[in-house]
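One structure below.
The values are calculated or read from the model by the stated rules, or taken from the named source; none is laboratory data. This structure is a prediction, so every number in the text was calculated from the model and none was measured. Note that we place each Cβ from the backbone using ideal geometry, even for glycine, and neighbour counts take in every protein chain shown. Note: areas computed on protein heavy atoms with side chains; ligands, DNA, RNA excluded. Shrake-Rupley method; radii C 1.70, N 1.55, O 1.52, S 1.80 Å.
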Amino acid sequence: MPGGIAFEFPQLYFTGLWLTIQISVLGLLGALVLGTLVAVLRVSPIAPLGWIGAAYVEFFRNTPLVALLFFLFLGLPLIGLRFSTDTFENIFRAAAVGMGLYHGAYVAEVVRGGLLGVDRGQIEAARSLGLSYAQMLRYVQLPQTFRSVIPPLGNIGIALVKNTSLASTIGVAELLYAAEIVESRTFRAEEAFIAATLLYLVLTIPLGIAVNALERRMLVAR
Amino acid sequence: MRPDTWPMFLNPAIWGFLFEGLRETIYIALASVAVSFPVGLLFALGRLSRRRWMRWPSTFYIEGVRALPVLLLIAYFGIKGSALFRPIFGQDFELPLFWAGVLGLSMYTSAVLAEIIRAGIVSLPRGQSEAARALGLSHAQTMRSVILPQALRLMVPAMMAQLTTVIKDTSLVGTIGVFELLRQGRTIYTQFFNPVEVLLIVATVYFVICFALSRASRRFELGYTPRAARIKIQDIALRDQAA
Amino acid sequence: MIEFRDVHKHFGPLHVLRGINLTVRERDVVVIIGPSGSGKSTMIRTINKLEPIDSGELVVDGQRVHDPGVDVNKLRRDVGMVFQSFNLFPHLTAAENVMLAPRKVRGMSAAEARKKAMALLEKVGIPEKADEHPTRLSGGQQQRVAIARALAMDPRIMLFDEPTSALDAEMIREVLDVMRDLAREGMTMLVITHEVGFAREASNRVVFMDEGRIIEDSPTAGFFEAPREERARQFLSKVISH
């Protein structure tokens, strides 16, 4: 049975899967919060805030995620910042923070697109009712972006799940790490990698199907 | 940041060392694009084919590969690349790690390019192929003279954006022992124990290249690119921004 | 030259052509009118097999279009088509649009094809736009290039699918002028249009379609003044009034 090797090394594979899920969820939450904030900065009428947002997006979109992970894991402790004194906790948190920071830039681009897509009349109507800029954002502009940003955000989610594999490079024992350990113990590379592949697919395929279904429903609704 | 870690960067040897890594990074990226473009084009046409025996395997390849982490592909070829080619090139064959990395990266990139190319093709108005067919051009002639020239031009920005992703992804090839830019940087900071400085410099180099490329890609946005196509292609790119 | 015998066509549950019988002779200029959804467009698109037919017989220039063995590409060389939305190839200049089929299909040399393209652009009145890309041309100019492009294969039949519906008044005239000249030269033409003026001057027959059937097929002379069929009369009163 393809992937059967996972049951010979359940400790490695299923702990790995669980870590992958945890990093994905934490990273995605972080990315959503950060990304939304950065998007709001980018569309804000105050120019310097817009520049800060743009700088954030451009910086993280144009540098490799692995370099960021190494920085969080090795560099920060040297300048006195450590996520945890526990080594395991430290790399785990570094990985989750890295995922959030990096994908936050992509989320920001999507949310910004959604915000700019809202009809200007909506904004003017809200402001003319006496809502402050912040209230208008909160109650009128952001809620209206919701529909259009869900499918692309789903795509970022898929990318994020796949990118958690990079956490293996700083020593997080997630799925890819499990496959590499099992390969080095058994020399059964195909089986070891296929098992990890299948477990990744367990996470990404349902997400992909959900995104496609949502996309189709929105096309119809439009 | 300790003050004594910066003066070492006055030593040109350090920069020479980083430059070697940068050169390797660029070679990996160019080789990967050179391999994945024709492969991607083939799979895109395969997926659009009316023949099931072409369409199904192409769809399977594209969707399957895109669902995988690119690092997993690179790690796999790093370990098993040589063994895979031994039946063809003989028992002593050793696949250079450079090419193992290129193979993993190209497999992934070809699937992404295939989707970008397909999106470009299907986004063209139906009237284009109808007009060509009405003139008596065959299916192949229509593809070659009317559809592909337009679709490929439409895709130049998306492909350049993909190139920035490829350049970022070359940093993953360092994990299997290819001495690209980030790997060279790691060698330096394990010697001198200054990861903050080195990583900042390395990140800046990646940033300058990728930022310039993504800026340049915007200049290639064409006036007649249908808006829907642009959005669709951006979406694909978004999903495939690995690492 | 074109012969429909009891031609039927479905789009899924939709029965769009319900037994078409029509004979078009050489040098005929047939104007086809009728409400939208009446099957006009589908009917003329079956002539060059952009739409295959489900049943019946369709013979174009001696070739049975629905035969599995028919060489569609050869058939299409003899039938030129002009679309409502022009469908010029935006990556090619006007002249290159015209040259494409002669070069690729007939294997003509670049110089020869260019000469031919220039002659045709002259004929449609815009030789000076030969090296412009379609996006730089007005709608009327684009449609004239599209006519030149269709003529480049020396077709024996020309199909026009609402060639002026996407144009405004000024441009309609310049396109109709070109079509009128073509008719005068004896080209066999099928034209879907609501331009009554053009139909009166240039066509010799008018076919009125509704709900997938040909309701009336009369000589142009007299049709607009006194259509035989009630439905045609109602339709005309709507079209002519504006």
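Mean partner shielding of peptide A:53-66, defined as the number of other chain Cβ atoms within 10 Å of each residue Cβ, is 6.
Computed from the C-beta positions of residue B:139 and residue C:233, the FRET efficiency with R₀ = 56 Å rounds to 0.80.
Partner chain Cβ atoms within 10 Å, averaged over the residues of B:64-74 - can you pull that number for me? Walk me through the numbers on the way to the answer.
Details: counts 3, 0, 4, 11, 8, 15, 4, 11, 11, 2, 1.
Other-chain Cβ atoms within 10 Å of each residue's Cβ, averaged: 6.
Where q = 0.06, 0.09 Å⁻¹, what log10 of I(q)/I(0) comes from the Debye formula for the protein assembly as shown, counting one point per Cα? After summing over all Cα pairs, the log10 values are -0.49, -0.91.
Express as a percent, rounded to the nearest 5, the fraction of DSSP beta bridges in the protein assembly as shown (both residues included) that run antiparallel.
Details: 21 of 38 bridges.
Here the share of antiparallel DSSP bridges comes out near 55 percent.
In the range A:190-214, burial by the other protein chains removes 50 Å² or more of 1.4 Å probe accessible surface, compared with the chain on its own, from A:190, A:193.
The largest-to-smallest principal axis extents of the Cα set in the range B:3-242 are 73, 49, 25 Å. A straight Cα-to-Cα reach below 16 Å connects residue C:115 with the aspartates and glutamates C:96, C:128, C:131, C:154, residues fewer than 8 places away in its own chain not being considered. Working note: Karplus 6.51/-1.76/1.60 with θ = phi - 60° gives the range B:64-76 the couplings x, 5, 5, 7, 9, x, 5, 5, 5, 5, 5, 4, 4 Hz, where Gly and Pro are set to x. Under 37 °C and 0.692 mPa s, how fast does the range C:1-104 diffuse according to Stokes-Einstein, given a Kirkwood radius computed over C-alpha pairs? Answer in µm²/s, whole number. Once the numbers are plugged in, D ends up at 215 µm²/s.
Can you tell me which of A:150-157, C:151-158, B:60-67 comes out highest on packing, and rank the rest after it, using the mean Cβ neighbours within 10 Å? Write down the numbers at each step before the final one.
Numbers: A:150-157: 22.2, C:151-158: 19.5, B:60-67: 17.2.
Taking the mean over residues of other Cβ atoms within 10 Å, the ranking is A:150-157, C:151-158, B:60-67.
Distant-in-sequence amide contacts of residue C:88, defined by a placed amide H-H separation under 5 Å and a gap of 5 or more residues or a different chain, comprise nothing. Database remark: amide H of residue C:56 closer than 5 angstrom to the amide H of C:8 (H placed geometrically; neighbours at sequence offset of 5 or more, or on other chains; Pro and chain starts carry no H). A P(r) calculated from all alpha carbon pairs of chain C, with 10 Å bins opening at zero, reads 8, 31, 35, 21, 5, 0 percent.
Work out how much length residue B:56 to residue B:152 would gain on full extension: take 0.36 nm times their residue separation and subtract the Cα-Cα distance, in nm to one decimal. Each step should come with its number before you reach the end.
On the way: separation 96, 0.36 × 96 = 34.56 nm, distance 2.34 nm.
Stretched fully, the residue B:56-residue B:152 segment lengthens by 32.2 nm.
Around the Cα centre of the range A:94-222, unit charges on the Cβ atoms of Lys, Arg, Asp and Glu (plus for the first two, minus for the last two) sum to a dipole of about 580 debye.
Backbone amide hydrogens, once placed in the peptide plane, bring residue C:205 within less than 5 Å of C:29, C:31, C:220, excluding anything fewer than 5 places away on its chain. Phi angles across the range A:66-79 convert, under the Karplus curve 6.51 cos²θ - 1.76 cosθ + 1.60 with θ = phi - 60°, into 3J(HN,Hα) values of 4, 4, 5, 5, 4, 4, 5, 7, 9, x, 4, x, 5, 9 Hz, Gly and Pro given as x. Residue B:187 exposes around 50 Å² of accessible area when a 1.4 Å probe is run over every protein chain in place.
Comparing each chain alone with all protein chains together (probe 1.4 Å, DNA, RNA and ligands left out), the residues of the range C:61-92 losing at least 30 Å² of accessible area are C:73, C:76, C:83, C:87, C:89, C:90, C:91. Counted residue by residue at 0.36 nm each, then reduced by the alpha carbon distance between them, the extension gain from residue C:181 to residue C:110 reaches 22.8 nm.
May I have the convex hull volume per residue, in Å³, for the Cα set of the range A:19-176? If you can, show how the numbers build up before the last one.
Details: hull volume 18.6 nm³, N = 158.
Dividing the Cα hull volume of the range A:19-176 by its residue count gives 118 Å³.
Rounded to the nearest 10 square angstrom, residue C:104 shows an accessible area of 90 square angstrom against a 1.4 Å probe.
Pairing chain C with chain B buries about 1800 Å² of accessible area. This figure sums both sides and uses a 1.4 Å probe. Rolling a 1.4 Å probe over the protein chains gives residue B:19 an accessible area of about 120 Å². For the protein assembly as shown, the residue among A:27, B:152, A:41 whose Cα projects farthest onto the positive side of the dipole built from Cβ charges is B:152. On the range B:1-144, 68 percent of the accessible area sits on carbon and sulfur atoms, based on a 1.4 Å probe. Each residue of the range C:143-155 is assigned a 3J(HN,Hα), and the resulting list reads 5, 5, 4, 4, 5, 4, 4, 5, 6, 5, 8, 6, x Hz, derived from the Karplus form 6.51 cos²θ - 1.76 cosθ + 1.60 (θ = phi - 60°), x at Gly and Pro.
How big is the gap, in Å, between the Cα center of the range A:15-63 and the Cα center of the range A:105-167? What the calculation gives is 12 Å, centre to centre. Using a simple spin-label model with pseudo-atoms 7 Å out from Cα toward Cβ, residue C:73 and residue A:216 lie 3.6 nm apart. Averaged over the residues of C:223-230, the number of partner chain Cβ atoms lying within 10 Å of the residue Cβ comes to 0.
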